[in-house]
Amino acid sequence: MKKSPMNGNYPINDFKSGESWRLFKIMGEFVEGIDSLHKLGPAVSIFGSARIKNDHPYYKKAENLANLFGQKGYAVITGGGGGIMEAANKGATNANVESVGLNINLPFEQKPNPFATTQIEFNYFFVRKVMFLKYAQAYIILPGGFGTLDELFETVTLIQTQRIRKVPIILVGKEYWDGLIQWVKKKFLQEKMISEKDLNLVHVLDDPQKIVRVVEDFHKD
């Protein structure tokens, strides 16, 4: 039986299929992400559904919003897929700023869009999330499903617990998000699961110009 030079006890094939080898793959994804993005400069991360078609109002809003951020010199980071992610990458590219797509390898739904000027492939969701959060000066959440909610609540939690620096979190679309916000107020706040100041971590806005202004004013202050 051939021994692995790294552990001396198990065959090489066993090592490569085990937890130890997975750690090296995870480290490799962190290294690739950091090497690709550490010189990015000011950026915003834009989240939202992959299922939105290019004739949908949310698609148009995402494209316009990313373009406005691009005109102010912000790069745009998305999940690299279709729908709102594609729209945001398109808006950034048309503004001639860096348009980053952090694509996740999935068996369905997620395919890289053609508008990202920098595409990075991930196998691990948690590594990808670090890249969304580490390099952004604001987090912009457009309508989406479970994945978008996951990104929203994890971001709020990390800021609430001071694991990452405080930056604007903006929900785009009052009509879409109103039910969630009312539920959070009714359940979380009234039953003292969160404090009043935690609600102030999230803005709910519709006007793209105002969204950009909130981010700019925050960083000026």
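Somewhere in region 96-116, is a residue within 18 Å of G33 (Cα to Cα) and among the basic types (K, R)?
No: zero hits.
When residues of region 190-213 are filtered for being surrounded by 15 or more Cβ atoms within 10 Å (Cβ to Cβ) and more than 28 Å from N67 (Cα to Cα), how many remain? Even if it seems obvious, please write down each step before you answer.
At the first step, the residues of region 190-213 found to be surrounded by 15 or more Cβ atoms within 10 Å (Cβ to Cβ) are 194, 198, 201-205, 208, 211-212.
Among the residues that remain, those that are also more than 28 Å from N67 (Cα to Cα) are: 194, 198.
Total satisfying the criteria: 2.
Look through K111, K90 and report the one residue that is modelled with pLDDT under 95 and either over 23 Å from E216 (Cα atoms) or crowded, with 19+ Cβ neighbours inside 10 Å (or both).
K111
Six or more apart or on different chains, Cβ atoms under 9 Å: show the pairs whose first residue is in region 29-43 and touching a residue at least 12 places away in the same chain (Cβ under 8 Å) and under 16 Å from G70 (Cα atoms) and whose second is assigned to a loop (DSSP other than H, G, I, E, B) and of a type in the set (K, R).
As it stands, the answer is P42/K72, since those pairs meet every condition given.
Working carefully through the options K197, K185, K192, K210, find the one that is free of Cβ contacts under 8 Å to residues at least 24 places away in the same chain and at positive phi.
None of the other options fit; the residue is K192.
Would you tally the residues in region 81-136 being aliphatic (A, V, I, L, M) and over 12 Å from I46 (Cα atoms)?
9
For R51, indicate whether it is over 24 Å from D207 (Cβ atoms), out of contact with any Gly (no Cβ under 7 Å at 6 or more places or on another chain) and charged (D, E, K, R).
Here the answer is no, as R51 does not meet what is asked.
Could you check region 134-159 and list, in sequence order, the residues that are touching a residue at least 60 places away in the same chain (Cβ under 8 Å), of a type outside the set (D, E, K, R) and either buried (at least 20 other Cβ atoms within 10 Å of the Cβ) or not in a helix (DSSP H, G or I) (or both)?
Scanning region 134-159 gives Y135, A136, Q137, A138, Y139, I140, I141, L142, P143, G144, G145.
When you scan region 180-195, do you find a residue that is of a type in the set (A, V, I, L, M, F, W, C), outside any strand (DSSP E or B) and under 24 Å from G73 (Cα atoms), even just one?
Looking only at region 180-195, we keep the residues that are of a type in the set (A, V, I, L, M, F, W, C), and these are 180-181, 183-184, 188-189, 193-194.
Imposing the further condition that a residue be outside any strand (DSSP E or B) reduces the set to 180-181, 183-184, 188-189, 193-194.
Those left that are additionally under 24 Å from G73 (Cα atoms): none.
Within region 180-195 (the criterion being of a type in the set (A, V, I, L, M, F, W, C), outside any strand (DSSP E or B) and under 24 Å from G73 (Cα atoms)), the answer is no, since none of the residues qualifies.
Have a look at I170, I181 and point out the one that is under 13 Å from S45 (Cβ atoms), surrounded by 13 or more Cβ atoms within 10 Å (Cβ to Cβ) and at pLDDT 95 or above.
Working: I181 fails: under 13 Å from S45 (Cβ atoms).
Matching residue, one of I170, I181: I170.
The values are calculated or read from the model by the stated rules, or taken from the named source; none is laboratory data. Model, not experiment: these values are computed from the prediction. Don't worry about glycine lacking a Cβ; one is built from the backbone with ideal geometry, like all the others, and counts go over all protein chains shown.
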